[in-house]
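The values are calculated or read from the model by the stated rules, or taken from the named source; none is laboratory data. Here the structure is a predicted model, which is why all the values come from computation and not from measurement. Every residue, glycine as well, gets a Cβ built from its backbone with ideal geometry; the counts of neighbours run over all protein chains shown.
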Amino acid sequence: MTKKIKAGVFGATGYSGQQLISILLSHKEVEIDFISSSASVGKEFNDIYPQFRGIFSDKLISFDEGLERIQNVDVVFSALPSGAVFEIAKKALEKNKRLIDLSGDFRILEKETYEFWYKTEHKAGEILEHAVYGLPELFEKDIKEARLIANPGCYSTASILALAPLLRTDELVDPYSIIIDAKSGVTGAGRKEEMALLLAESSESIKAYSIATHRHIPEIEQELSIIYGERLNITFTPHLIPMKRGILATCYINAITFCSDNDIYEIYEKYYANSPFIRIRREPLETRFVTNTNFCDISIKVDIRSRRIIITSAIDNLIKGAAGQAVQNMNLMFGFDCGEGLSRLMPLIP
């Protein structure tokens, strides 16, 4: 019998952390060694999330104790907010452990760019060069060899996967015309007490927020620029919608030569032919089609009148946009089946 790898989880009680625990418990190759949450030290996990009673009752340990326990595990997951992961990253690399960080602390390649957008000092600039951007459909080879994975943001995942195939084409689109209109459920803001996230404040309403200032803008621009080979700027506007989970990103890019829906579908179907968690759909998308799954659904429409290509993508922000993608990255890093722990997830029934 193959020995299971051991995993430690920081930030276990947030929405992404809770989702990560759920997936790891169903993963046949992983044993959870410790879970940490500074706000809930000493509590059992199932006291915070009663749905885990009879399933998982490990006690939450402090941040400092978690740092000490890193030496006992094979992989560390951090679902802590940005700015809280630097010490974990240094310790993990020092102990030659693999780290998958779900925050934005290692997604941006340039320290100065990170500090401009995140409005805080990057306290681990010396290890930025070790970070690999963890989008499996695009960077599988690098992920397999990585010791530090920057798990992509949720909006970034939906947007980059929607646009990447077109930026690989030759003289078909104008890459400087990209506009992204994205909408997310309230869990995308994290598990915290905030007036704007209360049911009475967010229900029966929709709002745009962080217009031209959202932290995923430099991340999306960085990765799309790498794919295209030249520096790109995008227009990105996120919206908060009154539902718990899910992201729908509608991306617009101008065509510079005539193309049909079928022409673009052929490009996408070929590009993602070996990507089991990408589904190219010839129908309008709904977030409920991907809720509680690790899929990214993509649909395409060419507006011949305006010569604009419209690509829509849908993901579950807590799974493909966070915890599921983290496990997908872990599977690549340790040579597991890419769908282990993820393939049995099924869309939630309304």
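Number of residues in the range 26-59 that are among the β-branched types (Val, Ile, Thr) and either more than 24 Å from residue 81 (Cβ to Cβ) or at pLDDT 95 or above (or both) equals 4.
Taking every residue in the range 109-131 that is within 18 Å of residue 221 (Cβ to Cβ) and not assigned by TED's automatic domain parsing to the domain that holds residue 215 and pairing it with any residue that is assigned to a loop (DSSP other than H, G, I, E, B) and among the aliphatic types (A, V, I, L, M), at least 6 positions away or on another chain, the pairs with Cβ-Cβ distances below 6 Å are 114/108. When residue 313 is tested against (1) in contact (Cβ under 8 Å) with a residue 24 or more places away in the chain; (2) surrounded by fewer than 21 Cβ atoms within 10 Å (Cβ to Cβ), just one condition goes unmet, and that condition is (2).
When 124, 89 are screened for being at pLDDT below 95, of a type in the set (A, V, I, L, M, F, W, C) and closer than 30 Å to residue 231 by Cβ, only 124 passes.
Among the residues of the range 201-226, the ones that are among the aromatic types (Phe, Trp, Tyr) and part of a helix (DSSP H, G or I) come to 0 in all. Applying the criterion of at least 1 residues that are without any contact (Cβ under 8 Å) to a residue 40 or more places away in the chain and touching a Ser or Thr at 6+ places or on another chain (Cβ under 9 Å) to the strands (runs of 3 or more DSSP E) found wholly in the range 1-100 leaves 30-36.
Going by the conditions given, is residue 240 among the hydrophobic types (A, V, I, L, M, F, W, C), within 22 Å of the chain's Cα centre (by Cα) and under 15 Å from residue 162 (Cβ atoms)? In short, no. Pairs linking a residue in the range 324-350 that is crowded, with 18+ Cβ neighbours inside 10 Å to a residue that is of a type in the set (Gly, Ala, Ser), with Cβ atoms under 6 Å and 6 or more positions apart or on different chains, are 327/341; 329/134; 341/26; 342/324.
Only one entry of 77, 63 meets the criterion of being surrounded by 16 or more Cβ atoms within 10 Å (Cβ to Cβ) and under 23 Å from residue 321 (Cα atoms), and that entry is 77. The residues listed here are 147, 168; of these, the one that is under 19 Å from residue 330 (Cα atoms) and surrounded by fewer than 21 Cβ atoms within 10 Å (Cβ to Cβ) is 147. Looking at the range 189-229, which of the residues that are at pLDDT 95 or above and of a type in the set (Asp, Glu) is surrounded by the fewest Cβ atoms within 10 Å (Cβ to Cβ)? Here the answer is 221.
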